[in-house]
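Here's the structure, in structure tokens; my notes come after.
The values are calculated or read from the model by the stated rules, or taken from the named source; none is laboratory data. Predicted model only: the values in this text are computed from it and were never measured. Cβ placement follows ideal geometry from the backbone for every residue including glycine, while neighbour counts extend to all protein chains displayed. Note: accessible area is taken over every heavy atom of the protein model, side chains too, but ligands, DNA and RNA are not part of it. Shrake-Rupley method; radii C 1.70, N 1.55, O 1.52, S 1.80 Å.
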Amino acid sequence: MSFLDTLYSAFKGGGGARVPLNRAIPSGYVSPWATAFEAGTGRSAFNYTSALQSGFIDNPVAQRAVRIVAEGVGSAPLGETDTKLAALINAPSAGQSLIETLAAHLTLHGNGYVQIMKDAGGKPVELFALRPERVSVVAGPDGWPCAYEYRLAERTITVPLEDDNGWPEIIHLRSFNPGDDHYGAGCLAAAHGAVAIHNAASDWNRALLANSARPSGALVHDASEGASLTPEQFERLKDELARAFSGETNVGRPMLLDGGLSWQSMAMSPAEMDFATLKAAAARDIALAFGVPPMLLGLPGDNTYANYREANRALWRLTLLPLAGKILSGIAGGLSSWFPNTSLSVDLDRVPALADDREKLWSQVTAADFLSDEEKRTMLGLDTGAAQ
């Protein structure tokens with residue numbers, strides 16, 4: 001039974017055998033969709049849904065940056081852990097990789113929500129990643145979260161924080177946001193201005209290409225050759241120019257002018273050509289917002305890193321590993337009721353981008369004769385219980 005089936009069964013009065021969605025919620029809570037939790041801390045007018053279209057669907061730089069981060073985190077190899085827990089983590093969520101989906105949600109929105117689907121015995125059987133823009137935190141009278149609201153079209157489902165056994169229903173992962181007690185700050189909001197500039201520059205280039213890929217000129221009428229053009233003549237001339245001389249199929253077509261008309265070409269000044277530099281700067285700002293080295297996105301003029309390998313190593317060290325650690329530790333903490341004393345982490349020895357770093361570490365630790373074998377295994381992150 002999928003998550004959407006559970007939602008619809010709850011609406012139809014069919015309950016929800018695995019997840020009790022309709023527990024009573026304490027009265028007096030304040031919904032963050034309507035107002036802020038504290039006076040003077042209202043949320044900004046940033047619209048996540050519309051920003052997804054302009055900042056992810058329509059923008060190649062932002063989309064590639066998010067895919068690099070999400071797919072990289074999703075492909076990070078897991079270290080040794082409980083086999084049942086590993087099976088839950090590796091199982092797809094609505095046909096997509098659970099970790100990859102959560103990485104994309106955290107990067108774009110700043111929040112990730114994982115619903116724990118349970119069997120009749122209360123054991124987790126599936127982890128489902130919820131779309132973050134559909135979820136809101138329900139705060140109790142004391143300000144702490146007491147439930148979650150899931151909005152589907154015009155319907156709203158209330159999911160309690162815990163079930164009747166005191167086990168969690170939803171795992172909430174969020175990025176750090178110093179101005180909000182319940183929601184994280186996403187990278188898409190930070191990149192929104194740069195995305196708007198980059199999209200506007202792309203529209204400018206497309207319009208320029210449609211006009212023979214060069215700045216337009218002006219038709220100059222010599223008044224000494226006769227009277228000024230009548231409104232009808234002006235409209236007819238404008239229509240003929242649009243049909244016969246505009247567009248990429250009419251590039252270079254000669255223009256025959258009569259009636260005292262002459263063509264005056266108009267070139268763009270260097271200052272007016274700054275949009276090209278502005279577009280490149282906006283692309284770098286987008287990459288910066290999502291934590292991806294510009295070299296990995298093929299942006300010109302980037303000399304921050306000596307080579308591609310160094311940039312890829314920086315991506316893993318500065319972006320992918322911290323994000324993967326946040327997601328894995330959050331899931332492990334949320335499932336600790338069923339998997340106590342079990343941790344989730346990335347196996348650094350199996351990350352190709354870090355092979356050189358790990359090789360150096362192994363060589364340095366192996367050469368340290370003043371360390372015992374147990375201490376060496378601890379430094380390398382290995383199970384000391386397996387040491388002889």
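Cβ-Cβ distance of Ala276 and Trp167, R₀ of 41 Å, FRET efficiency by 1/(1 + (r/R0)^6): the value works out to about 0.15.
Sorted largest first by accessible area at a 1.4 angstrom probe radius, with every protein chain in place, the residues Arg313, Arg206, Arg174, Arg64 fall in the order Arg206, Arg64, Arg174, Arg313.
Across segment 336-352, computed HN-Hα scalar couplings (Karplus, 6.51 cos²θ - 1.76 cosθ + 1.60, θ = phi - 60°) run 5, 5, 9, 10, x, 6, 10, 10, 10, 7, 8, 7, 5, 5, 9, 8, x Hz from first to last residue, x flagging Gly and Pro. A simple rule links phi to the HN-Hα coupling: the Karplus curve 6.51 cos²θ - 1.76 cosθ + 1.60 with θ = phi - 60°, which for segment 365-377 gives 5, 4, 7, 7, 5, 7, 9, 7, 4, 5, 5, 5, 5 Hz, with x for Gly and Pro.
Computed from the C-beta positions of Arg131 and Ala207 and an R0 of 30 Å, the FRET efficiency is 0.30 to the nearest 0.05. Computed with a 1.4 Å probe over protein heavy atoms only, the accessible area of Leu315 comes to about 10 Å².
Restrict the search to segment 60-105; then list the GluC sites (Glu not before Pro) that DSSP places in a loop and that have at most 11 other Cβ atoms within 10 Å of their Cβ.
Values: sites: Glu71, Glu80, Glu100; in loops: Glu80.
Taking segment 60-105 and a limit of 11 other Cβ atoms within 10 Å, the loop GluC sites (Glu not before Pro) found are Glu80.
The modelled label-to-label distance for the pair Asp142/Ala306, using points 7 Å beyond Cα in the direction of Cβ, is 5.5 nm. Of all lysines in the structure, those lying under 28 Å Cα to Cα from Lys326, and not within fewer than 8 positions of it along the same chain, are Lys84, Lys118, Lys123, Lys360, Lys376. Legend: calculated FRET efficiency, Glu359 to Arg155, from the Cβ-Cβ distance at R0 = 56 Å, rounded to 0.05, equals 0.55.
For Ser97, no residue 5 or more places off, or on another chain, has a built amide H under 5 Å of its own.
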